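Notes follow the structure.
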């Protein structure tokens, strides 16, 4: 659903004010209110319309600021890394279908070793050699034991 534009909101507000002004005029014509009261009501309606326009303008500015902040946060490299990791964790076939170079895999390993709770990474020898960290070990040097869970 798209939000209405500022012009659409202001036009809607003008219609409401016009309707209310018509009601004030009708009440004055029927002598339900005095001319002075009608003028006061018309002035109040104009102030309400102007205030409504100011509020909508302010909300438009705030929406722009909030949108900019969200864009800045979502462009953060760490946030991008986490979002990408979540996507791969949710659908591992993403990686299996992609042709990811050894250099790109080394970049991911370099980033992963910086996470505070990552203790070891076992990688293919070519990736392990490209990452200068004792936390990244070659699969040639480490015995990896796979344990199947759930009785499979």
When the chain is fully extended, how far beyond the present Cα-Cα distance does residue 54 get from residue 117, taking 0.36 nm per residue of separation? 17.7 nm
How tilted is helix 102-112 with respect to the longest principal axis of the chain? Cα atoms for both, answer in degrees (0 to 90, nearest 10). 70
Would you indicate which of (i) 9, 19, 18, 10, 10, 10, 10, 8, 5, 1; (ii) 11, 35, 32, 13, 6, 2, 0; (iii) 11, 42, 36, 11, 0 is the value of P(r) over Cα pairs in 10 Å bins from 0, in percent derived from the coordinates of this structure? (i)
Once R0 is set to 25 Å, what does the formula 1/(1 + (r/R0)^6) return for the Cβ-Cβ distance between residue 42 and residue 6, expressed as a FRET efficiency to the nearest 0.05? 0.50
The extension gain from residue 83 to residue 61, computed as 0.36 nm times the residue separation minus the Cα-Cα distance, is 5.1 nm
I'd like the orientation of helix 35-74 relative to the chain: the angle between its Cα long axis and the longest Cα principal axis, in ° from 0 to 90, rounded to 10. 10
For an R0 of 30 angstrom, estimate the FRET efficiency from the Cβ-Cβ distance between residue 146 and residue 75 and round to the nearest 0.05. 0.20
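Read-outs: derived from the displayed coordinates by stated rules, not from any lab. Everything numeric in this text was worked out from a predicted model, so none of it was measured. Heads up, the Cβs are rebuilt from the backbone with ideal geometry, glycines too, and the neighbour counts pull from every protein chain shown.
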